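Everything below concerns the one structure shown next.
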Amino acid sequence: MRKKEIALSAVERLKKQYPDAVCSLRTSNAFELLVATRLSAQCTDARVNMVTPKLFEKFPTPAAFAAATPEEVEPYIHSCGLYKTKARDLVAMSKQLMERFGGEIPDTLEELVTLAGIGRKTANLVCGDVFGMPGAVVTDTHCIRIANRLGLCDTTDPRRVENALRDLLPPEESNAFCHRIVLFGREFCTARSPQCDNCPLNDICQKN
């Protein structure tokens, strides 16, 4: 099968497997999603979801974060790991939002990646989930691993994986597909012990 055929087949099969796939980070607005995704670096979504309720109660808006010091934020996110760097980024990002965007979240990838601590993965997630931008591809570890196993790319560089998938996936399906890939990666295509015998993509996987 050609890469395009594999991609389209994967889209349809995972849509049936996970019809209601959404981001596992629990947030209620674009700013909370930005913060939660920054916290999720080298940390599980489950842990982030445990931390954010008290964090957002204390710092509910960009203005609240911008008025704080990193040291004031650190105790609320300590268990997420890399808490000093993350606290510094959250405060700096919030100040940028206030100074450059009037406290609003920009709706383009190009603007989002200029914010402190925000890379293309987070920017694509916000563009897709919040603003409904077609073609948003979130290249987390699950996406990178599975795209390679399916033969859709042969690189672990996130930007190159993103570009490869953007060329292969229907734009209107790409954001939801990336959420489904996360669920699929946790249930079947795990990093160390993939459940190949029961995998719904087994016959199109190039790893076999």
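For region 176-188, state whether one or more residues are in a loop (DSSP other than H, G, I, E, B), surrounded by 15 or more Cβ atoms within 10 Å (Cβ to Cβ) and outside the structural domain of M93 (by TED's automatic domain parsing).
yes
State all residues of region 126-161 that are of a type in the set (A, V, I, L, M), assigned to a loop (DSSP other than H, G, I, E, B) and more than 23 Å from T114 (Cα to Cα); if no residue qualifies, say none.
Listed by number, the residues that qualify are L150, L152.
Filter region 102-125 for residues that are free of Cβ contacts under 8 Å to residues at least 12 places away in the same chain and part of a helix (DSSP H, G or I); which is nearest to P60 (Cα to Cα)?
E111
The values are calculated or read from the model by the stated rules, or taken from the named source; none is laboratory data. Note that the structure is a prediction, hence the values are computed from the model and not measured. Please note: Cβ atoms are built from the backbone with ideal geometry, for glycine as well, and neighbour counts cover all protein chains shown.
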